[in-house]
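The values are calculated or read from the model by the stated rules, or taken from the named source; none is laboratory data. Values in this document were obtained by computation on a predicted structure and should not be read as measured data. Cβ placement follows ideal geometry from the backbone for every residue including glycine, while neighbour counts extend to all protein chains displayed. The accessibility values were calculated without ligands, DNA or RNA, using every heavy atom of the protein model including side chains. Shrake-Rupley method; radii C 1.70, N 1.55, O 1.52, S 1.80 Å.
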Amino acid sequence: MTNDIRIALVAHDGKKDLLIDWARPHVEKLSKVHLLGTGTTGQRLNDELGLNVERMKSGPLGGDAQLGAMIAEGRLDGLIFFTDPLSALPHDVDVKSLLRLAVYYDTPLAMSPSTANSVLKDLLD
């Protein structure tokens, strides 16, 4: 494992607890890579799990776009984004753009704990 690997961890408000719960047993592995996150998600990962997360802006304020640009520039190796499929989001266009870029550039993408396990294993093994 190397800190040259860059993984973004993002979660909508209703899924932040789930992301923290998923990350908790993976702290050792996650601490060995370069982590990025949007606003509050990144702060919670820092505060609650002691992970060093480079924080982007909040998702609605441009954080999703910042991560999308990193994907387009080949500077992000994986995206773990726990979305809340049952909540309407004012920045839905930004979320769709980020997910579209991840798919277009074939960036490993996880949107649930089981797929996050697979992406993390794939990137670190």
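Values as computed for the structure displayed
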item	result
Gap separating the Cα centres of segment 11-38 and segment 94-125, nearest whole Å	13 Å
Accessible surface, the chain, averaged per residue in Å² (probe 1.4 Å)	52 Å²
Tensor-based shape of segment 1-73 (alpha-carbon gyration tensor, a/c under 1.5 rounded, otherwise prolate or oblate)	oblate
Dipole in debye (nearest 20) - segment 79-125, about Cα centre, beta carbon charges: Lys, Arg +1; Asp, Glu -1	40 debye
Per-pair calculated FRET efficiency, R0 = 30 Å: Leu86 and Ile5 via Cβ, rounded to 0.05	0.40
For segment 8-125, alpha-carbon Rg relative to the globular expectation (2.2 N^0.38 Å, N residues)	0.95
Chain lengthening between Val93 and Asp47 when straightened (0.36 nm per residue, less Cα-Cα)	13.6 nm
Formal net charge of residues neighbouring Gly74 (Cβ-Cβ distance under 15 Å; K, R +1; D, E -1)	-2
Met56 long-range amide H proximity, modeled H, under 5 Å	Gly37, Thr38, Gly39
Distance in nm between pseudo-label sites at Thr40 and Arg24 (7 Å out along the Cβ direction from Cα)	2.0 nm
Assigned charges on the beta-carbon of Lys, Arg, Asp, Glu; the chain dipole about Cα centre (debye)	60 debye
Net lengthening on full extension, Lys57/Lys32 (0.36 nm per residue, minus Cα-Cα)	6.7 nm
The chain - mean residue ellipticity at 222 nm from DSSP helices (-39,500 (n - 2.57) per run, n ≥ 4, rounded to 500)	-13500 deg cm²/dmol
Normalised alpha carbon radius of gyration of segment 66-125 [divisor 2.2 N^0.38 Å]	1.13
